[in-house]
Every structure is written in C-alpha cells, then in structure tokens.
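Taking it in order: structure first as structure tokens, then the write-up.
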Amino acid sequence: MADSDETRRLAQLAKITRAFMENVPHNQALGIRLESLDDGEAVMTLPYDAKLVGNPESGVLHGGAITSMMDACSGAAAFMKLPEPGPIATLDLRIDYLKPATAGRDVVARANCYQRTRNVAFVRCVAYHDTVEAPIAAAVGTFMLSTSRGRAAPGPAASDAHQGAGASEPKEGP
C-alpha cells in the first residue's frame, strides 16, 4: 500500500475510533481519555476519580473500571489494524492483575494488535502508572473482525478456528 493510502487509512480509522470513544456512555461515565492512536496501537488514560474507587479504605480504583479501559484500548488497537473500517467484537479478554493501582493516581493503558488474520485480531495490553515495565495489569485479547455481517475482513488467508466463536452482534468500531 502506498504511503499516502496508508496515511488516509490510519486517519479514517482514527477519526472513527475518536467518535466511538466520545459516544459510548460507559466510556464517558468512567472518564476514559483517548491519548493516541497509530497502526495497531492505542493509548488511553483512566483519570483517578473517587467515584471509581473499589475499596474506600484503600482508595484504589476498582478493577472493573481498569478492565473497561483495557477492553476499550484493546478494541481500539484491533480496529486500528483493519484494512478498512468494519465491525469488531471482543471474543475473549484475559486480564492478570499484578498489583493494585496507587490511590489518587491515573492509570494508563497501552495496547498493541500484534497479529491479524482474516477473522480475528490478537492484542496485548498493559495498564500502568508511569512505565509499562511496572504494570498494574496485563491483558491478552482476541477480537472478531468483519466488514459486514457474516463476512470476514480482508486480510491474511490464515485458517481461523475462532471465526465467530462466542461472539454476539459485532459492534462498529473499537
């Protein structure tokens, strides 16, 4: 693909991803901010907010809020790897919580879509405060890809055992 075509593709996907983030009530309620997007990559921040604290004694953000951000960030990374815009859906998201977040601090998520087949995108995501080398949580996820209901997204012709497995209606965008 020519550089100008690639630049246009990434700009179009980024525009859709930003609009998606701005129009999802759950993301808005959590205050998730989209920081950056690139080819198969996304970075988001979950600002510290007392209403998102899981345990008032510790003041630590609830794991569910961090999970939501990691899912949104992973979906955005998968979406940014598509050859053209199309629906995606989370098939599986496994998160390992490695340590509690620090009370009073924002949490950042960085996701990378490291492999895309015709039907599935594979993503890694890390949540952290200052550096990915000191993670709060690490996730791996798979996302169903399609350009229209029932049709696989264009891409590598690899066989894909996950095609549609466990997915409900695909959502447009991450």
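Read-outs: derived from the displayed coordinates by stated rules, not from any lab. What you see is a predicted model, and the numbers here were worked out from it, not measured in a lab. With ideal geometry, Cβ positions are generated from the backbone for all residues, glycine too; neighbour counts draw on all protein chains shown.
Is it true that residue 58 is more than 16 Å from the chain's Cα centre (by Cα) and closer than 24 Å to residue 131 by Cβ?
Judged against the criteria, residue 58 is a match.
Going by what's in this entry, would residue 84 be described as acidic (Asp, Glu), surrounded by fewer than 24 Cβ atoms within 10 Å (Cβ to Cβ) and within 24 Å of residue 7 (Cβ to Cβ)?
yes
For the stretch 93-137, which residues satisfy the criterion of being more than 15 Å from residue 74 (Cα to Cα), in contact (Cβ under 8 Å) with a residue 60 or more places away in the chain and surrounded by fewer than 18 Cβ atoms within 10 Å (Cβ to Cβ)?
106
For the stretch 12-80, which strands (runs of 3 or more DSSP E) that fit wholly inside it have 3 or more residues that are surrounded by 18 or more Cβ atoms within 10 Å (Cβ to Cβ), in contact (Cβ under 8 Å) with a residue 24 or more places away in the chain and out of contact with any Cys (no Cβ under 8 Å at 6 or more places or on another chain)?
Details: elements: 33-38, 41-46, 53-55.
Of the strands (runs of 3 or more DSSP E) lying wholly inside the stretch 12-80, none has at least 3 residues that are surrounded by 18 or more Cβ atoms within 10 Å (Cβ to Cβ), in contact (Cβ under 8 Å) with a residue 24 or more places away in the chain and out of contact with any Cys (no Cβ under 8 Å at 6 or more places or on another chain).
Could you please find all residues in the stretch 23-56 being touching a Lys or Arg at 6+ places or on another chain (Cβ under 6 Å) and small (Gly, Ala, Ser)?
Correct list: 40 only.
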